[in-house]
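Input: a single structure, listed below in structure tokens.
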Amino acid sequence: MDSSKKPDLIAVATILATTGTPYAIIGGVALQIHQTEPRTTLGLDLAVHDVTALPDGALLAAGFTRTSVFPHSVNWVGPGGTPVQFSDNPAFRDAIERSTTSTVDGTTLRVTSPLDLVKAKLRAARDPGRRRSKRIQDRADAVSLIGSQPNLLAELTAEERSEIDRA
């Protein structure tokens, strides 16, 4: 994992755990955790049940700054300068419950499972509202994760397997 984001990642995971806020790391950092192939990403993406129930006070006290609010996401910047996006997209609700754990520098992190991550990446790749370059990266991420964990292919629908084959 890119060490420049690590202090902010550990801080946000500690805050969410301490406040009992269910979450799962999604996106590029989740890919970094689930596979050995390097994957760069600028920020941290986390799925939560409800962005209006975030522990704002604890985040502010730890040096995080809220930068913008959208219907299903809230953006912050960590004390180390790392962009942090919290999303309460309903598509992630079950993935939060199925999340797995990983430990980084003694801190337990909740990370979306590899299967949920592949499915999320394929959903994002189909979203016509996303920039084309982002959709291409999402599909590449799904293919890369399948390449490192081929057993996931059997758990995809026929349509999802077809998307992987087209990439």
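The values are calculated or read from the model by the stated rules, or taken from the named source; none is laboratory data. What you see is a predicted model, and the numbers here were worked out from it, not measured in a lab. Here the Cβ positions follow ideal geometry from the backbone for every residue, glycine too, while neighbour counts run over all protein chains shown.
To keep it simple, each residue is scored yes or no on (1) surrounded by 23 or more Cβ atoms within 10 Å (Cβ to Cβ); (2) aromatic (Phe, Trp, Tyr); (3) touching an Asp or Glu at 6+ places or on another chain (Cβ under 7 Å).
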{"position": "9", "(1), (2), (3)": "yes, no, no"}
{"position": "13", "(1), (2), (3)": "no, no, no"}
{"position": "18", "(1), (2), (3)": "no, no, no"}
{"position": "27", "(1), (2), (3)": "yes, no, yes"}
{"position": "44", "(1), (2), (3)": "yes, no, yes"}
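Residues in segment 125-149 that are within 18 Å of residue 33 (Cβ to Cβ) and not hydroxyl-bearing (Ser, Thr, Tyr): 137, 138, 140, 141, 142, 143, 145, 146, 147, 149.
When residues in segment 99-114 are screened for being in contact with a strand residue (DSSP E or B) (Cβ under 9 Å, 6 or more places away or on another chain) and more than 24 Å from residue 146 (Cβ to Cβ), 2 of them pass. Of all residue pairs spaced 6 or more apart or on separate chains, those with beta-carbon atoms under 7 Å, a first member in segment 30-44 that is small (Gly, Ala, Ser) and a second member that is buried (at least 18 other Cβ atoms within 10 Å of the Cβ) are 30/111; 30/112; 30/117; 43/82; 43/84; 43/85.
Which one is nearest to residue 78 (Cα to Cα) among residues in segment 1-29 that are in contact (Cβ under 8 Å) with a residue 12 or more places away in the chain and in a loop (DSSP other than H, G, I, E, B)? Give the steps one after another, and end with the answer.
First, the residues of segment 1-29 that are in contact (Cβ under 8 Å) with a residue 12 or more places away in the chain: 1-2, 4-19, 21-29.
From the residues that got through so far, the ones that are in a loop (DSSP other than H, G, I, E, B) too are 1-2, 4-5, 19, 21-22.
Values: 1: 17, 2: 15, 4: 11, 5: 9, 19: 17, 21: 18, 22: 19 Å.
If we take residues in segment 1-29 being in contact (Cβ under 8 Å) with a residue 12 or more places away in the chain and in a loop (DSSP other than H, G, I, E, B), then 5 is nearest to residue 78 (Cα to Cα).
In contact (Cβ under 8 Å) with a residue 40 or more places away in the chain, of a type outside the set (S, T, N, Q) and on the phi < 0 side of the Ramachandran plot, is that true of residue 53? No: the conditions fail for residue 53.
Conditions tested, residue by residue: (1) modelled with pLDDT of 95 or more; (2) closer than 15 Å to residue 144 by Cα; (3) not hydrophobic (A, V, I, L, M, F, W, C).
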site: 5; (1), (2), (3): no, no, yes
site: 11; (1), (2), (3): yes, no, no
site: 28; (1), (2), (3): no, yes, yes
site: 43; (1), (2), (3): no, no, yes
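Against the test of being on the phi < 0 side of the Ramachandran plot and in contact (Cβ under 8 Å) with a residue 60 or more places away in the chain, the options 112, 103 yield a single qualifying residue, 112.
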